[in-house]
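Take a look at the structure below.
The values are calculated or read from the model by the stated rules, or taken from the named source; none is laboratory data. Being a predicted model, the structure only gives us computed values, none of them experimental. Ideal geometry is used to build each Cβ from the backbone, glycine not excepted, and the neighbour counts take in all protein chains shown.
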Amino acid sequence: MSKPITSVNKFTISMKWVVFGLLLVCMLYAVNGAQYTICSSGCDFNNITLALENVTNTSNTLRINSSGTYTITNITTFQINDSLTMGALIIDSDNVLLDCGNAEIEGEQVGYGIYVNASNVTLNYCKVNQYIIGVYYEGSDSNNIHNLSAVACDYGIRLENTNTTQITDPTIQVSSVVGIHFNSAKNNTIINAVVSASTSDITSAGTGTYNYIYNSSFSKSKLTFTENSMLYNFWYVKIHINDTSGNNVNNSVVNISDNTGTLTYSLTTNASGYTNEKNITEYLANSTGFFYYTNYTLYAYNATYFANRSVNISSSSTISVPFDLTAPVVSSLVNTTTNETATVTFSTDDKANVTLKWGNASSNLNETATNASFLTSHSYSLNGLSANTIYYYNITVCNENSFCSENGLQFYNQYYNTFVLYVNSVCK
């Protein structure tokens, strides 16, 4: 016959279940770890370096839940496994500056290195390694990331529902998937980035997503866009105006127009001949392809001279636009004749227009052929010539600033091909 359950027995049984529950909690704690908080007072730690030193090589993670500046002073590698997949280091308070001082946070290829779901959060000189996502900003605005290094993560940086964040001087070298990913993220800026990923350097998703990248190294073939998201690519450009004598040109106006003729900038040179540096758009990329703004036309002028050139802007650079004060030089001068026709061909070392005069006496060049276009290759036919007659002709070539040179030639028109070339003075 079984014994009745007394109050003492009930207590004993209850205590066994309590002990079992505590053991179970401890086992779960050991597997999943715990989160420790960091703030100026009233938290588990008030010093982030000490906190990292205490949780490294454990399954525990850290949470910054108070605004302020946090500086890591022990420049080493902290092993933090984000077993909870919430972030090895979580920042969920606005107005935080985390200066890692080039310390590294390293995981085991799970979870997130640094997870931010607050605004106005700045990360300086942080290194993250071996996480699914190196740095993850979600639902965040008005942030700054400086000199971030993300290596061996599936995603280097992920911005989701995050706007107006500036990422400066990042190095993203990830072994797979994506270097930088935007998802429903707008008006974010990447500056001076080096991005290298095995699948996609930059991906963008979410209708209305638009972002900007400046002076950065990545592969255009590794850009991926969906849902009409877009990315503008810019380069830093300044213009230098001098003349062909090497003199800098002060107070020259420089107009920069894109390939549709739309004026982008109107600048003025300083005493050293340079304009201010400007951001020039190379292209807009979206899910349908690339839309280029280059080539650009640069038109420079002052009260006396002008110059223009077309340039393909596909990197940051200083572009020289010289005022040409040197007369064109004629070369490769050839004339061929038939009974009644001569053909004169030649080249110039600079774009030039041409006036060609000829006649049967050096003092009677009464026939004229002209071409007002500025070219470097030239060909003219002289018709209605008489047999066995010496003809003389004179070539005047001028550049766009009206610096000219004259060349004279005499020839027989019946295959004699004997001529004397003389060069007259350079004139202006």
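Descriptive notes on the structure:
- Residues within segment 195-218 that are under 26 Å from LYS278 (Cβ atoms) and either without any contact (Cβ under 8 Å) to a residue 24 or more places away in the chain or of a type in the set (Asp, Glu) (or both), tallied: 1
- Condition check for PHE218: under 15 Å from the mean Cα position of the chain (by Cα), modelled with pLDDT of 95 or more and of a type outside the set (Lys, Arg): yes
- From the list THR264, THR209, the one residue that fits, being modelled with pLDDT under 95 and not aromatic (Phe, Trp, Tyr), is THR209.
- Residues in segment 273-291 that are closer than 17 Å to SER315 by Cα and either surrounded by 15 or more Cβ atoms within 10 Å (Cβ to Cβ) or in contact with a helix residue (DSSP H, G or I) (Cβ under 6 Å, 6 or more places away or on another chain) (or both): LYS278, ASN279, ILE280, THR281, GLU282, TYR283, LEU284, ALA285.
- Qualifying residue in segment 220-228 (condition: farther than 27 Å from ALA118 by Cβ, among the aliphatic types (A, V, I, L, M) and outside the structural domain of ALA118 (by TED's automatic domain parsing)): no
- In segment 89-100, residue surrounded by the most Cβ atoms within 10 Å (Cβ to Cβ) [restricted to those that are within 18 Å of VAL55 (Cβ to Cβ) and not aliphatic (A, V, I, L, M)]: CYS100
- Qualifying residue in segment 320-334 (condition: touching a Leu at 6+ places or on another chain (Cβ under 8 Å) and crowded, with 20+ Cβ neighbours inside 10 Å): yes
- Where ALA352 falls short, out of the listed (1) within 30 Å of TYR265 (Cα to Cα); (2) surrounded by fewer than 17 Cβ atoms within 10 Å (Cβ to Cβ); (3) touching a strand residue (DSSP E or B) at 6+ places or on another chain (Cβ under 8 Å): (2)
- Looking at ASN215, ASN248, just one residue is surrounded by 14 or more Cβ atoms within 10 Å (Cβ to Cβ) and closer than 21 Å to SER316 by Cα, and that residue is ASN215.
- Of residues in segment 374-400 being surrounded by fewer than 18 Cβ atoms within 10 Å (Cβ to Cβ) and part of a loop (DSSP other than H, G, I, E, B), the one modelled with the highest pLDDT: GLU400
- CYS43 vs. criteria assigned to a loop (DSSP other than H, G, I, E, B), modelled with pLDDT under 95 and surrounded by fewer than 21 Cβ atoms within 10 Å (Cβ to Cβ): yes
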